[in-house]
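Here the structure comes first, spelled out in structure tokens, and everything after it is commentary.
The numbers here are math on the coordinates, done by the rules we state, and not lab data. Since the model is a prediction, treat every value here as computed from it, not as a measurement. Note: ideal-geometry Cβ built from the backbone for every residue, glycine included; neighbour counts use all protein chains shown.
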Amino acid sequence: MIRKAPSDNELIQLTKQGDESAYSEIYKRYWGILFQHARKMLQDDEAAKDIVQDVFAALWTKRDNLDIHTKLSSYLYGVVRYKIFDFIDRGKVQGNYLQSLEKFIDQGEYTTDNIWLQKELALQIERETNALPAKMREIFVLSREQDLSYKEIAEQLNISNQTVKKQIYNAMKILRPKFGLYLLMLYDLFRF
């Protein structure tokens, strides 16, 4: 006897109850098409992957409060579109910061605006760093703020060099889309 696949509404109800297999089914049904949609809009595979992953992570973590009044596909497309627009807006703000910092470097002058922008950027990076998982954050801070080598961090935390390397890589993978590599390098130069 062939079992009928559960409907999207049934999957949402099961997901709200914490059913991981229902959540996995939603993921399987929609990840590919949402990724294609995000990729088409952004022309950036990594950013598209990150956005779709964020949408599915939020779907699971906020499952208790899900209140979907449209088709699941419409809801997910809407959330992805919102995340894309937010990503683009953040990019514009960061672009403004970047332009201001580049101008500061070219002119070699400290002005109130430049000081404020540097502090604001440092605060944003600190907020994002604090949002990293605890162990990853600890390793990242030891590397970036205390300038410890991978070996020194591994010895201090009694873990392998490979673990340190992987945690730094993962932290950069999380932070780079939010700030860009150039801004993270500037942050290292202008830390307060």
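Some observations on this one:
- Greater than 24 Å apart at Cα, pairs in 4/71; 40/135; 40/119; 28/166: 40/135; 40/119; 28/166
- Ranked by how many other Cβ atoms sit within 10 Å of their own Cβ, fewest first, the residues 15, 129 fall in the order 129, 15.
- Fully extended contour minus Cα-Cα distance, from residue 146 to residue 10, at 0.36 nm per residue: 43.9 nm
- Theoretical FRET efficiency, 1/(1+(r/R0)^6), r = Cβ-Cβ of residue 71 and residue 45, R0 22 Å, to 0.05: 0.25
- Potential lengthening between residue 126 and residue 28 on full extension [0.36 nm per residue; Cα-Cα distance subtracted]: 31.8 nm
- Environment charge of residue 23, counting only residues whose C-beta is closer than 13 Å and scoring Lys/Arg +1, Asp/Glu -1: -1
- Label-point gap, in nm, between residue 19 and residue 155 - each point 7 angstrom along Cα→Cβ: 5.5 nm
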